[in-house]
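Presented below is the structure to which this report refers.
The values are calculated or read from the model by the stated rules, or taken from the named source; none is laboratory data. Just so it is clear, the model here is predicted, and its values are computed rather than measured. Please note: Cβ atoms are built from the backbone with ideal geometry, for glycine as well, and neighbour counts cover all protein chains shown. Heads up: the accessible areas ignore ligands, DNA and RNA and are worked out on the full protein's heavy atoms, side chains in. Shrake-Rupley method; radii C 1.70, N 1.55, O 1.52, S 1.80 Å.
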Amino acid sequence: MNITIRSNITAFLDTDNIAGSDAKICQAARVSTLGSAAAESGEARGLLNYLMKNRHGSPFEHGQMSFLVEAPIFVAREFMRHRAGWSYNETSGRYRELEPVFYVPPEHRPLVQEGKAGEYQFTAGTEQQHEVVRWSHAGAYQWAWGAYQEMLEAGVAREIARNVLPVGTFTSFYATCNPRSLMHFLSLRTKYTHAKFPSFPQEEIEDVALAMEGAFSKAFPLTWEVWDRNGRIAP
Ligand SMILES: Cc1cc2nc3c(=O)[nH]c(=O)nc-3n(C[C@H](O)[C@H](O)[C@H](O)COP(=O)(O)OP(=O)(O)OC[C@H]3O[C@@H](n4cnc5c(N)ncnc54)[C@H](O)[C@@H]3O)c2cc1C
């Protein structure tokens, strides 16, 4: 039974589906005092900083970024808890046969959790713990994929057969957001000590968030800069 083990989780910016800029956010803010003259360009960094510090959030909704995420189902579940300002479309397990691609944590992924809920510290784990992680994942995935295939071969519908596939199965989805909803997501799904409200996300969703933050910082550099400098709180 051939299955693929995958340890990298990815989020790619869809460069055909990006709209807006720092200047467009400023333009949306300036209409408040300038009316239609807001289209003329002006100083951006100071205005964005003012909006961010004073939590004037709505101008940051004038923009769009779309990402193709390839991640295990457990990451997709965490991701789709983010509702406001997000649109999603995901691979169907009813309309197509799923791929035998399964997540195993990479070697550098800390394995042992210590401390209290919400503020866990993670340590590397022993070689024996890494070994049991590897063979337990591979064994369970092999078995689950075999059971899935057996049901499909027996003529059982895909929507029933998929019941046996675990949350480590890879899925793919498009996630489209605006700069404001992305900043809220990043504030919760990345871990930085200079954040005003530090969060403690699971490493796998943080991988996705960091890839998205890299794209965001390039597409909206001044917005990203003032957001990060002001404690990474979504306005
Ligand atoms: C470290 C961490 C651990 C977590 N652990 C758990 C867990 O154990 N169990 C669990 O169930 N979830 C857990 N979550 C998910 C969490 O509870 C949120 O669902 C998720 O972070 C999305 O946040 P949000 O609702 O603010 O985002 P969004 O859904 O994008 O909403 C953005 C903002 O819009 C407003 N809003 C959206 N919907 C409503 C509404 N219906 N009513 C009023 N205001 C609204 C709120 O101001 C909200 O902050 C965890 C999240 C993190 C980051």
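Some points to look at:
- 3J(HN,Hα) from dihedral phi, the stretch 202-215, Karplus parametrisation 6.51/-1.76/1.60, rounded to Hz, x for glycine, proline: 5, 3, 5, 6, 5, 4, 5, 4, 5, 5, 5, 5, x, 5
- Quarter of Cα convex hull surface for the chain, i.e. mean projection, nm²: 15.1 nm²
- For Gly125, nonlocal amide neighbours, meaning residues 5 or more places apart or on other chains whose placed amide H falls under 5 Å from its own, are Leu111, Val112.
- The angle between the Cα long axis of helix 22-34 and the main principal axis of the chain comes to about 40°, on a 0 to 90 degree scale.
- Whether the stretch 137-213 is rounded, prolate or oblate, judged on the alpha carbon gyration tensor where a/c under 1.5 counts as rounded: prolate
- Secondary-structure-derived ellipticity at 222 nm for the chain, considering helices only, amounts to -13000 deg cm²/dmol, per-run term -39500 (n - 2.57) for DSSP H runs with n ≥ 4.
- Remark: the stretch 143-227 carries 46 Å² of accessible area per residue (probe radius 1.4 Å; ligands, DNA and RNA excluded).
- Amide H partners (placed H, <5 Å) of Asp14, local residues excluded: Ser66, Phe67, Leu68
- Neighbour net charge for Phe220 - beta-carbon separation under 13 angstrom, K R +1, D E -1: -1
- Carbon + sulfur, % of accessible area of the stretch 92-218 - ligands and nucleic acids excluded, 1.4 Å: 55 percent
- With a cut-off of 11 Å between beta carbons, the residues surrounding Ala39 carry a summed charge of +1, where Lys and Arg count +1 and Asp and Glu -1.
- Most to least accessible of Tyr174, Tyr120 (protein chains only, probe 1.4 Å): Tyr174, Tyr120
- For the options Ser181, Ser136, Ser36, a Gaussian network treatment of the chain with springs between C-alpha atoms closer than 10 Å singles out Ser36 as fluctuating the most.
- Charge context of Tyr88, other residues only, Cβ under 12 angstrom, K/R +1, D/E -1: +2
- Under the combined filter of DSSP loop state and at most 12 neighbouring Cβ atoms within 10 Å, the stretch 27-103 retains these chymotrypsin sites (Phe, Trp or Tyr not before Pro): Tyr95.
- Relative to the longest principal axis of the Cα atoms of the chain, the long axis of helix 179-189 makes an angle of roughly 50 degrees.
- Loop-located GluC sites (Glu not before Pro) in the stretch 88-147 (DSSP state not H, G, I, E or B) with no more than 14 neighbouring Cβ atoms inside 10 Å: Glu97, Glu107, Glu119.
- Per residue accessible area in Å² of the stretch 45-131, where ligands, DNA and RNA are left out and the probe is 1.4 Å: 61 Å²
- Computed accessible area, Arg189, all protein chains, 1.4 angstrom probe, square angstrom: 40 Å²
- Dipole of the chain, positive end: most advanced residue of Thr193, Leu48, Gln128 [Cβ charges, Cα centre]: Leu48
- Here is the list for the stretch 41-79: trypsin sites (Lys or Arg not before Pro) lying in DSSP coil, each with at most 13 other C-beta atoms within 10 angstrom of its C-beta, are Arg55.
- For Val101, distant residues with modelled amide H under 5 Å away: Thr4, Phe170
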